[in-house]
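A.B. asks: Sharing a structure, written as structure tokens. Questions coming.
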Amino acid sequence: MMLRLLKIPKNTYFDWVHYIETAQQREANILKDMLRDIWQDNYKAYGTPRLRLALADLNLHHEANRI
């Protein structure tokens, strides 16, 4: 009844309830959080080249497109 009132299809609701995050999405979220922390700790002045170097110091190597 609630879904009908909100005009949400059942499939949409059940897809949301049974959603499982993939390993790639989890890794991307962790990387995003790390990059945000590095960027904020460095006066929000780091660009892609410096972020790559900071990640390399942590033994994490990613391409510029990923960053």
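A.B. asks: DSSP loop (so not H, G, I, E, B), at most 16 other Cβ within 10 Å: list which chymotrypsin sites (Phe, Trp or Tyr not before Pro) in segment 12-67 pass both filters. Provide the component values of the computation, followed by the final result.
C.D. replies: Numbers: sites: Y13, F14, W16, Y19, W39, Y43, Y46; in loops: Y19, Y43, Y46.
Of the chymotrypsin sites (Phe, Trp or Tyr not before Pro), the ones in loops of segment 12-67 whose Cβ has at most 16 other Cβ atoms within 10 Å are Y19, Y43.
A.B. asks: When the helix-only estimate is applied to the chain (DSSP H runs of n ≥ 4, each -39,500 (n - 2.57), divided by the residue count), what is the mean residue ellipticity at 222 nm, nearest 500 deg cm²/dmol? Each step should come with its number before you reach the end.
C.D. replies: Working: 4 runs with 42 residues, N = 67.
Dividing the helical sum by the residues of the chain leaves -18500 deg cm²/dmol.
A.B. asks: Which of the aspartates and glutamates could a cross-linker bridge to K32, judged by Cα under 15 Å and excluding same-chain residues fewer than eight apart?
C.D. replies: Qualifying aspartates and glutamates at Cα under 15 Å: D41, E63.
A.B. asks: Please report, in Å, the Rg and the Dmax of the chain, where both are computed over Cα atoms only.
C.D. replies: Reported Rg and Dmax, both Å: 18.7, 54.
A.B. asks: While we're looking at this one, here's another question. With the full set of protein chains in place, find how many percent of the accessible area of the chain is carbon and sulfur; take the probe as 1.4 Å.
C.D. replies: Carbon and sulfur together cover 55 percent of it.
A.B. asks: Per residue, what accessible area does the chain have, given a 1.4 Å probe and all protein chains present, in Å²?
C.D. replies: It amounts to 92 Å² per residue over the chain.
A.B. asks: Can you pull the one-decimal nm distance between simple spin-label points at N42 and I67, each 7 Å off the Cα toward Cβ?
C.D. replies: Distance between label points: 0.7 nm.
A.B. asks: On to the next question. To the nearest 10 degrees, how steep is helix 23-41 against the longest Cα principal axis of the chain, on a 0 to 90 scale?
C.D. replies: Taking Cα atoms only, the helix is inclined about 50 degrees.
A.B. asks: Full-extension gain between D15 and I30, please, as 0.36 nm times their residue separation minus the C-alpha to C-alpha distance.
C.D. replies: Details: separation 15, 0.36 × 15 = 5.40 nm, distance 2.36 nm.
Working it through step by step, the gained length comes to 3.0 nm.
The values are calculated or read from the model by the stated rules, or taken from the named source; none is laboratory data. It should be emphasised that the depicted structure is a prediction, and the values quoted were computed from it without experimental measurement. A quick note on method: Cβ atoms are made from the backbone with ideal geometry, for glycine too, and the neighbour counts reach across all protein chains shown. Note: accessible area is taken over every heavy atom of the protein model, side chains too, but ligands, DNA and RNA are not part of it. Shrake-Rupley method; radii C 1.70, N 1.55, O 1.52, S 1.80 Å.
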